[in-house]
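Remarks on the structure that follows.
The values are calculated or read from the model by the stated rules, or taken from the named source; none is laboratory data. Not measured: the values here are computed from a predicted model. Please note: Cβ atoms are built from the backbone with ideal geometry, for glycine as well, and neighbour counts cover all protein chains shown. Ligands, DNA and RNA are excluded from the accessible area calculation, which covers all protein heavy atoms including side chains. Shrake-Rupley method; radii C 1.70, N 1.55, O 1.52, S 1.80 Å.
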Amino acid sequence: MACVDFREMRIPAETIQFVDLEAQLSQIGSEVMKEIQDSVYSADYILGEKVEKFEKEFAGFVGAKFCTGVASGTDALFLSLKSLGVGEGATVILPVNTFIATALAVSQTGAVPIFVDVDERTFNISTEQLDDLIREDTKAIIPVHLYGQAAQMERILDISEKYDLKVVEDACQAHGAIYHPWGKKAGSMGDCGCFSFYPSKNLGCLGDGGAVTTSDERLFMKLKMLRNYGQEKKHHHLIKGFNSRLDTLQAAILKVKLRHIDEWNSKRAENAFFYNSLLKHVEEVVTPQFQPDLEFCHVFHLYVIRTKRRDDLLEFLNKKGIKCGIHYPVPLHLQDAFKELGYEKGDFPVAEKLSGEILSLPMYPELGRREIKCVVDSIKEFCKKD
Ligand SMILES: *Cc1c(COP(=O)(O)O)cnc(C)c1O
């Protein structure tokens, strides 16, 4: 219990946070405050130079030609689908174990989500039965780079080419993740890459924010119109658009944080390897799998283990002040919001099984080795008592 008493005073000594945003601010707080002050006094609050600068830098970081800042990750997905002409009468394929926003964005366009089971080893979309699910009305597929690990893009792009489908990457958990076979970053391989800057993401702002990356200039122009009332220039509206812009203030903050993302991602990966090494001989626990040479491709937005006695372990850790999460406890096909799709329990056996076994352990760049040891010691203590 007292194994984390070395922590600074701002966090009660007996807890290990799941994500610690204050720890990040103690590193870059003054840089961020300077940007905020500058933005406030510039009196330029919507779009403008700061947004453009961030967009250019973020496109460069991802390895795409263009980037459009939008209001959230959900809107990034929604506007991407819109820009690709996905709407009523279409179906869109996506994995059943993801954050619900991936599917909500599809519904929001009027299209119907088609769920696919996931790969037990990587948690990502299974590409085995994809061919069988593609119908006449299927317009797009959304691979989600879940937990920070790139989905099997080669196979997905092959299938999309074969059936003439659009590919919208949900990279909301994968800023900087690399698809190893090609050395390309998440968000640079499909027609569009979608990012969220929700505060706890690997790159997060101080509120909501998102972005779409693409290397297709026509899509880029369309996305810029769609996020800004459909206007090409002031008061000239070529299409029916939306109000979904990345706040100028948030763009300014993100530009500061972008300078640190590689370092933060490496620290996340190092923390993950440390967890893996300490948990190696704990029989009851399955650790996330990645090959040694692929170590730094996964950006570990989440560090997710599997165990049969998940609920009991979660309770045990919570009682010790170790904050954990489950991502996600209910697969999308069993959510009431998607009842109308007619899926039933048993339709996606892998995702259903995983949803009862997965546990996300504390993970953020500033997490210390002693804290990780403390988490693992507690897990070992739990495993000993049957
Ligand atoms: C966070 C997230 C989203 C949604 O992003 P918001 O910015 O919260 O709208 C979408 N998909 C995945 C996989 C996410 O993790």
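Listing for the model above:
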| read-out | value |
| --- | --- |
| Filter pass, LEU157 being away from the ligand (no atom under 12 Å from the Cβ), of a type in the set (A, V, I, L, M) and at pLDDT below 95 | no |
| Tally of residues being of a type outside the set (Gly, Ala, Ser), modelled with pLDDT of 95 or more and surrounded by fewer than 23 Cβ atoms within 10 Å (Cβ to Cβ) across the range 226-235 | 3 |
| GLY148 vs. criteria out of contact with any His (no Cβ under 9 Å at 6 or more places or on another chain) and within 15 Å of the ligand (Cβ to nearest atom) | no |
| Members of the range 208-223 found to be more than 10 Å from the ligand (Cβ to nearest atom) and open to solvent by 10 Å² or more (accessible area, probe 1.4 Å), listed by number | SER215, ASP216, GLU217, ARG218, LEU219, PHE220, MET221, LYS222 |
| Selection status of ALA76, surrounded by fewer than 24 Cβ atoms within 10 Å (Cβ to Cβ), touching a residue at least 40 places away in the same chain (Cβ under 8 Å) and in contact with a Phe, Trp or Tyr (Cβ under 8 Å, 6 or more places away or on another chain) | no |
| Selection count where residues are of a type in the set (S, T, N, Q) and part of a helix (DSSP H, G or I), scope the range 355-377 | 1 |
| Residue among THR138, THR102, THR91 that is closer than 18 Å to LYS339 by Cα, modelled with pLDDT of 95 or more and touching a helix residue (DSSP H, G or I) at 6+ places or on another chain (Cβ under 8 Å) | THR102 |
| Matching residues, the range 187-207, being within 11 Å of the ligand (Cβ to nearest atom) and within 27 Å of PHE290 (Cα to Cα) | CYS194, PHE195, SER196, PHE197, TYR198, PRO199, SER200, LYS201, ASN202, GLY204 |
| Residue satisfying all of: in the range 99-140; of a type in the set (A, V, I, L, M) and farther than 23 Å from LYS201 by Cα; most open to solvent (accessible area, probe 1.4 Å) among these | VAL112 |
| Scan of the range 334-357 for residues that are open to solvent by 80 Å² or more (accessible area, probe 1.4 Å), among the acidic types (Asp, Glu) and over 22 Å from GLN108 (Cβ atoms), ordered by number | GLU344 |
| Verdict on VAL96 being surrounded by fewer than 23 Cβ atoms within 10 Å (Cβ to Cβ) and of a type outside the set (D, E, K, R) | no |
